[in-house]
1. With the checklist (1) touching a Phe, Trp or Tyr at 6+ places or on another chain (Cβ under 9 Å); (2) part of a helix (DSSP H, G or I) in hand, flag the one item B:Ala105 doesn't pass.
2. Assess whether A:Glu201 counts as being at pLDDT below 85 and not polar (S, T, N, Q).
3. Please work out which one of (1) surrounded by 23 or more Cβ atoms within 10 Å (Cβ to Cβ); (2) at the interface with chain A (Cβ under 8 Å from one of its Cβ atoms); (3) within 23 Å of the chain's Cα centre (by Cα) is the condition B:Ser38 fails and give its number.
4. Out of the residues in segment A:98-126 that are touching a Lys or Arg at 6+ places or on another chain (Cβ under 9 Å) and within 13 Å of chain B (Cβ to nearest Cβ), which is modelled with the highest pLDDT?
5. If a residue must be without any contact (Cβ under 8 Å) to a residue 24 or more places away in the chain and more than 9 Å from chain B (Cβ to nearest Cβ), how many such residues does segment A:146-166 contain?
6. Considering only segment A:71-94, I want to know if a residue exists there that is at pLDDT 90 or above, among the acidic types (Asp, Glu) and crowded, with 21+ Cβ neighbours inside 10 Å.
7. Out of (1) out of contact with any Gly (no Cβ under 9 Å at 6 or more places or on another chain); (2) assigned to a strand (DSSP E or B), the odd one out for A:Ile111 is which?
8. If I go through segment B:211-246 residue by residue, how many of them are under 20 Å from B:Ile340 (Cβ atoms) and either in contact (Cβ under 8 Å) with a residue 12 or more places away in the chain or touching a Phe, Trp or Tyr at 6+ places or on another chain (Cβ under 7 Å) (or both)?
Amino acid sequence: MTSYTLSNSSLHNINIQISKSGDKVPFIGTYQLHSIYDPIKEAQLNLEQNKENIQAKEKILILGLGFGYHVNAIINYLKEIGSEKSILVIEPNEYLHKIFLDNFGVPNFEILSGKSPSELYLKNKFISVISCSPMIFKHQQTFNLYPTYFSEIFSHKPTNSVKEAIEIFETFTKNNDLELINFLKQLHPQTHFMEALNSGENNQLTLYKRGIAELARTVSGGKI
Amino acid sequence: MKNILIINFRKFGDIFYYLSLITPLKQKYPDSSFYFLSFKETSKAGLITTNIEKVFEIDRKKICTLNIGGPFAIAHSIAELQNEIDQIDIKFDLIINTSHCHFSAVITRILVDKSGCQFDGITININGDVNFSSDWHEWFNEAVNVSNALPFSQIETFYKSLNLQYTSPSLDIAPNEYHQSVLTLIENLSKEHPSKKIIPIQFTAGENEKSFPIELASEIIELFHRSNSFLPVVISSHSNQDRSYYGNLSKSIKNDILLLECDFSTAAVLMKKCGIVITSDTSIKHLARLVSAKVIEVHFSEKYIFKMPAIGETFIICQKNENTKSTKSSEELFSAIESICLERPLKREFSFFNTYYKSSNDKLISLYFNDEATEKKLKSIQYSKLVTSLTLSKQSNKNISPLAKPLIKEYQTVLSDILTVYRTLIENRTLDETFFSRFLEADQDILIHPFKLIAKLRFLNLIRSMGADANINRRLTIEACINLKDEMIEIKKLIINSVKEHKKRINRLEQNSI
């Protein structure tokens, strides 16, 4: 995994304290992930500042799980306004996710934890949210704890190698196209995927490439 | 049992226009099941009818986001497109591509390969060259569809190519929770006002400039209220643009208006119940025809001459100039609407609306009133339509005037030359990209490059010079045909020479390398 501000041993050093309002608050070392007075009120205040953006977008990507008070605030708000939106939480610390499950059970939202930025780009859930220009909601305490991790998610650079393309096709396509994957497997893994596309040896791949190019042309102002 | 897929990647109006093919297709293939494929943002158009078993969609926004690069790999967008196509899990017997674009041609190819079935419309081969299912589509794409001067309607190419008989479209609208309340409302209104005909009106269109000016709409509403014959029901979409328009309209009228905010399927039910609609919006116009409602389209644009009627009985009234603020203009328009609704003879004293015509699928446009210039252009289009249609149908000996026979013969020769040259171009495309790049540079946006530019110039000149005299039109058409034919022959020679030179170069290179 990418290097974080805290060492791996610190990541596992999680303890739980009870806030003045009686809610559980996780601490990583001495760093608290929610308000020690009232985490629910804190989450509500955060929500107030983001209501307009939440309404405007189809999907919501939440950076940081904590103990999910901010996520629940969003879910409750969506219920209030009668809106259903897809929510995905990214949490760098897999161990925190485990403790969260131990304390609160399985939540009614999706969480991807402990994945490196490159691994996230191989996850269908993540791609389906990130490709829809989601509303990005930062859980500020988690964000402050792992700034490098989150910035690497958004500055991720694909290798565009044949190896990466095979991983993407194997992960994303429902009916794994063996002919296509076998064709790619014959090539050197480090070959640039564009070379494979231009080789013209796999007719289907050529057609898909052409389809994408035409689609991009229509969106950039050409004829539909 | 046939599984038939209709593809359309265009907007709502176009989709409704082509969904009218379902009725004649059902007549030809009674046990068929219909499927529909579009972009995600327009897929709800396919859900309005129960005659479509399943609607498939391509999320172009998602694919294009994955294609922009940045954090996404090249393979992401390709895998996504492949994934979406994999969800189209039906084995089709016939795929009808009603979009005239490269993207639809590619998707058609992929789906045709997957099902091993026939197609109608356009597709591509593995080199990216366009394949047409028939001469009708080839002609439509190459020579006829130039500068919007369509001598025959787009859907006619599908009727001819698929050998369908014209049937008035009648689709079953998928029920939703609002339909019953709308039907009850109309029944109650009919009981309360038994002498009045209920007329649905939509004043807005997708683009502001195509909507009724507020003043005109307000005056029309007042005229409806004063009349003892009609009860207007204004229909609106759920868009903010429509809400703002009707908010302004309600402020500017003295009487109340009955405003119904409808989705497409509710609007269809309303139009079917009332049997008529007045609209300035293309989607509503074509949707109305799917339920066999009579359409009165009021068109506010300078390009009135090339306005495409909906299939079936459509009346089009076009604005002459920008002076629609005059009260006289609303009276004139209302008088025309009144005559059409009550099936009375039309008055011919228009000064604000210069074109007023009726279209039905099995006949040419009937021109009721217009100025001289419009009449000239419309007649030339009708003339061109007739000749092209007879030529492609190879019906030169059927019930046509002796004057037209030699012209059609001439057209057939020219058409044959054009198609031969075009096929030569396609077959040799890979041999000399330099030659083709000249066409590509000339006009990037033209779907198939070589002939459109030439044909565009020729047909524009032809239409400009035509008049009401059939003999003169005939002579001018023959001249244009001969010129076009000569140019095609020149291009053909150029291609052949270019290919020969290319082959020589290859031979020389091979000899040198030996």
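The values are calculated or read from the model by the stated rules, or taken from the named source; none is laboratory data. Predicted model only: the values in this text are computed from it and were never measured. Positions of Cβ are generated from backbone atoms using ideal geometry, with glycine treated the same way; all protein chains shown enter the neighbour counts.
1. (1)
2. Values: at pLDDT below 85: yes; not polar (S, T, N, Q): yes.
Spelling it out, A:Glu201 is indeed at pLDDT below 85 and not polar (S, T, N, Q).
3. Only one criterion is unmet by B:Ser38, namely (2).
4. The first filter runs over segment A:98-126 and keeps only residues touching a Lys or Arg at 6+ places or on another chain (Cβ under 9 Å), leaving A:103-104, A:110, A:112-113, A:115, A:122-123, A:126.
With the extra rule that they be within 13 Å of chain B (Cβ to nearest Cβ), the set shrinks to A:122-123, A:126.
Numbers: A:Leu122: 91, A:Lys123: 91, A:Phe126: 95.
Once the filter is applied, the top-ranked residue is A:Phe126.
5. Step one: filter segment A:146-166 for residues without any contact (Cβ under 8 Å) to a residue 24 or more places away in the chain, giving A:151, A:154-155, A:157, A:159, A:166.
So of that shortlist, the ones also more than 9 Å from chain B (Cβ to nearest Cβ) come out as A:151.
Total satisfying the criteria: 1.
6. yes
7. Condition not satisfied by A:Ile111: (1).
8. So the answer is 19.
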